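Encoded as structure tokens, the structure appears first; notes follow it.
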Amino acid sequence: MQQRIIIADDHAVVCDGLCRLLELSGRYHIEGAVSSAEALLEACRTALPDLVILDLAMPGMGGIEGLRRLLIKWPALNVAVFSIYHNTRLVQRLIEMGAKGFITKSSESHIIVKGVKTVISGRRFVSPDIDIDLATPSLDPISTLSAKEFDIFRCVAEGFSTQQISEKLFLSEKTIANNISIIKRKLGAVNSAELVHLAIREGLLLMDRYDY
């Protein structure tokens, strides 16, 4: 019986190539390909797959908030992040949030297939071009942020206003403002500019920004 996969990536060429690569193995059936986290959540409500392959930089709420919501609703869901980013801090945070794997888009085909096979079985996988030790938890202040706080932190650092973050993450402006205060306290930041500098220093910004 073929295992079912849903791909979430807003680049059609990436989706098409990934679909062909995985279906060639004969082991997998691509249940669907969507271009946003919102569409992904709806697709999973209709038919929960064996694996979700998730891009990070997508319009709407984006992949990180999408991951958080997926795992709140379906904690045991196997999710592999598929991304151009190589930042070890970001990878560590995504694994801590519950992603089972992180596969870089620069990986060779056999690495991508190996990563999918590993994650769909419920085991962890990180592409070999990411230098990370998953056995050693991060002890820096950023690791104390919850999944929601981490995404809000990144949004602030990328220059989104409180209103824009509210619309992007479907949370009230009051909730966003309260969380920003908590984030500043946890990270020892006096203002939003210091949050920006911290995110830049740690390489946590996703460059594919979508304006609202």
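Just so it is clear, none of the values below were taken in a lab; they were calculated from the coordinates. Remember, predicted model here, so these are calculated numbers, not experimental data. Neighbour counts are summed over all protein chains in view; Cβ atoms, including those assigned to glycine, are modelled from backbone coordinates with ideal geometry.
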So who's got an amide H within less than 5 Å of the one on F125, skipping anything under 5 residues away but keeping other chains? H placed 1.01 Å off N, in plane. G101, F102
In degrees rounded to 10, the 0-90 angle between helix 192-202 Cα long axis and the longest Cα principal axis of the chain is 40
I'd like the Karplus ³J(HN,Hα) series for the range 144-158: coefficients 6.51, -1.76, 1.60, θ = phi - 60°, whole numbers in Hz, and an x wherever there's a Gly or Pro. 7, 6, 6, 4, 5, 5, 5, 5, 5, 4, 5, 4, 4, 5, 7
Round to the nearest 10 and give me the degree value, 0 to 90, for the angle of helix 109-120's Cα axis relative to the longest principal axis of the chain. 80
Report ³J(HN,Hα) in whole Hz for each residue of the range 28-45, in order, from the Karplus equation J = 6.51 cos²θ - 1.76 cosθ + 1.60 where θ = phi - 60°; Gly and Pro get x. 10, 10, 7, 5, x, 10, 10, 10, 8, 5, 4, 5, 5, 4, 5, 5, 5, 5
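Given the -39500 (n - 2.57) contribution per DSSP H run of 4+ residues, what per-residue ellipticity at 222 nm results for the chain, rounded to the nearest 500 deg cm²/dmol?
Helix contribution divided over all residues of the chain: -14500 deg cm²/dmol.
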Relative to the longest principal axis of the C-alpha atoms of the chain, give the angle of the C-alpha long axis of helix 12-24, reported between 0 and 90° and rounded to the nearest 10°. 40
Provide, for q = 0.22, 0.24, 0.30 Å⁻¹, the log10 of I(q)/I(0) from a solvent-free Debye sum over equal Cα point scatterers in the range 141-202. -0.81, -0.97, -1.47
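I84 to I200: extension gain in nm, 0.36 nm per residue of separation minus the Cα-Cα distance? Don't skip to the end; give the middle numbers.
Working: separation 116, 0.36 × 116 = 41.76 nm, distance 1.70 nm.
That pair, I84 and I200, stretches by 40.1 nm at full extension.
If you filter the range 31-78 for GluC sites (Glu not before Pro), then keep DSSP loop positions with at most 10 other Cβ within 10 Å, what is left?
Working: sites: E31, E38, E42, E65; in loops: none.
Passing both the DSSP loop test and the Cβ count: no residue.
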Nonlocal amide H pairs with M61, under 5 Å, H built at 1.01 Å: A37, E38
Could you please state, rounded to a whole Å, how far the C-alpha centre of the range 1-61 is from the C-alpha centre of the range 158-195? 30
Among 140-147, 57-64, the order from most to least packed when residues are scored by Cβ within 10 Å on average: 57-64, 140-147
